[in-house]
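Visitor: Can you keep this structure in mind? I'll have questions shortly.
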Amino acid sequence: MKKSNQFVGLPIISIADGAEVGHVKSLVVNPKEGMVDFLTVEHADWQISVRAVPFKKIVGVGEFAVMIEDSTSIFDLTEIPIANELVQKKITVVGAKLIDRKGQLIGEATEFFINEDTGAILGLELSLRSKKVILSSEQLITYGRDLIVIKEEAQLNFLDKAESLLGGVVEVEEEVAVSVETNELSEFQEKQLKLLTGRTTTKDIFERNGELLFPNGTTLNKEDVRKAQEKGPAVLAELSMNVVG
């Protein structure tokens, strides 16, 4: 789970090229589905056109970067009518007033939380008169440009911590983890193996805790690539950007 502001500004890395292909500029919300459908992309060379990457094309989101398979995952908005339509609706969520079905003003959304694997909006952070609370997306009815309509009983279901939103998500992730361990590598992981196996690191690659994973000059074998995959998207991004061959 990540806050929406943790996406903005992240570099977008093409694993196939081992290169940065832009930065996340904004999140495009699909109000009917309660999902982040696209990330708009900022790049110094794109002065006129607006481009976006569909969330379903994202391989992983880490603290370091958003990972995509290759640059073909980024589209001009003119090529995706639904994305252009959603951008025009300008559903930002943050800053929207929350009102219940009876017309009572409840508070203002100051942040929202996203499942980084699916793009689903898990819940909102609300600013009330005296404090901030968390509200699950299950209590939301309609996302509008300036207003979000919530259920009448929503005030009885405020949460104190964002971690409470993870109730069912953690169980699903655990099931997926078991599935990955007991089944063959996914199609994309196989592509990663082919792309990175045999390449040589051009700098020391460290884990987030500071432990050295691959010294400068390491020629990667399949086991090395699998190890990087297990360490998560941030390590994989760092590795992809610092290999030759």
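Visitor: Could you tell me whether segment 61-134 comes out rounded, prolate or oblate from its Cα gyration tensor? Rule is a ≥ b ≥ c as square roots of the eigenvalues, rounded for a/c under 1.5, then prolate if a/b exceeds b/c, otherwise oblate.
Guide: Verdict is oblate for segment 61-134.
Visitor: Still on this structure: Can you tell me how much longer the chain between E207 and D146 gets when fully stretched, taken as 0.36 nm per residue apart minus their C-alpha distance, in nm with one decimal?
Guide: 17.8 nm
Visitor: What does the charge count near T110 come to, summing +1 for each Lys or Arg and -1 for each Asp or Glu among other residues with Cβ under 9 Å from its Cβ?
Guide: -2
Visitor: Applying 1/(1 + (r/R0)^6) with R0 = 35 Å to the Cβ-Cβ distance of D160 and V50, what FRET efficiency is obtained, to the nearest 0.05?
Guide: 0.35
Visitor: Quick one: angle between helix 187-196 and the longest Cα principal axis of the chain, in degrees between 0 and 90, rounded to 10, please.
Guide: 40 degrees
Visitor: Compute the length gained on full extension between N5 and K102: take 0.36 nm times their separation in residues and subtract their Cα-Cα distance, giving the result in nm to one decimal.
Guide: 31.8 nm
Visitor: With Cα extents along the principal axes in Å defined as stated, name the option among (i) 75, 42, 32; (ii) 57, 35, 28; (iii) 64, 42, 31 computed from the structure displayed.
Guide: Only one option fits the structure, namely (iii).
Visitor: Please list F64, F206 in order of solvent-accessible area, largest first, computed with a 1.4 Å probe with all protein chains present.
Guide: Putting F64, F206 in descending order of accessible area: F206, F64.
Visitor: Taking a label point 7 Å from the Cα of K32 along the Cα→Cβ vector, which residues of segment 115-145 have an amide N closer than 15 Å to it?
Guide: 142-144
Visitor: Let me know the charge dipole size of segment 1-120 about its Cα centre in debye, to the nearest 20, where only the beta-carbon of Lys, Arg (+1) and Asp, Glu (-1) is charged.
Guide: 680 debye
Visitor: Around K90, with a cut-off of 10 angstrom between Cβ atoms, what is the net charge of the other residues, counting Lys and Arg +1 and Asp and Glu -1?
Guide: +1
Visitor: For segment 71-174, what is the accessible area per residue in Å² when the probe is 1.4 Å?
Guide: It amounts to 57 Å² per residue over segment 71-174.
Visitor: Less than 15 Å Cβ to Cβ from I150, Lys/Arg counted +1 and Asp/Glu -1: what total charge do the surrounding residues give?
Guide: -3
Visitor: So which GluC sites (Glu not before Pro) in segment 27-91 end up in coil per DSSP with only 12 or fewer other C-beta atoms within 10 Å?
Guide: Counting only loop positions with at most 12 other Cβ atoms within 10 Å, the GluC sites (Glu not before Pro) in segment 27-91 are E33, E63.
Visitor: Follow-up question, since we're still on this one. Using a simple spin-label model with points 7 Å from Cα along the Cα→Cβ vector, what separation in nm is obtained for E20 and K222?
Guide: Computed distance between label sites E20 and K222 equals 3.4 nm.
Visitor: Could you work out how far apart the two model spin labels at D70 and Q88 are, taking each label as a point 7 Å from the Cα in the direction of the beta carbon, and quote it in nm?
Guide: Computed distance between label sites D70 and Q88 equals 3.3 nm.
Visitor: Turning to a different aspect of this structure: Using modelled backbone amide H atoms (1.01 Å from N, in-plane), which distant-in-sequence or interchain residues come within less than 5 Å of T110's amide H?
Guide: G95, E125, L126, S127
The values are calculated or read from the model by the stated rules, or taken from the named source; none is laboratory data. On a predicted model such as this, the values are computed, not experimentally measured, just so you know. Please note: Cβ atoms are built from the backbone with ideal geometry, for glycine as well, and neighbour counts cover all protein chains shown. All accessible areas refer to the heavy atoms of the entire protein, side chains included, with ligands and DNA or RNA removed. Shrake-Rupley method; radii C 1.70, N 1.55, O 1.52, S 1.80 Å.
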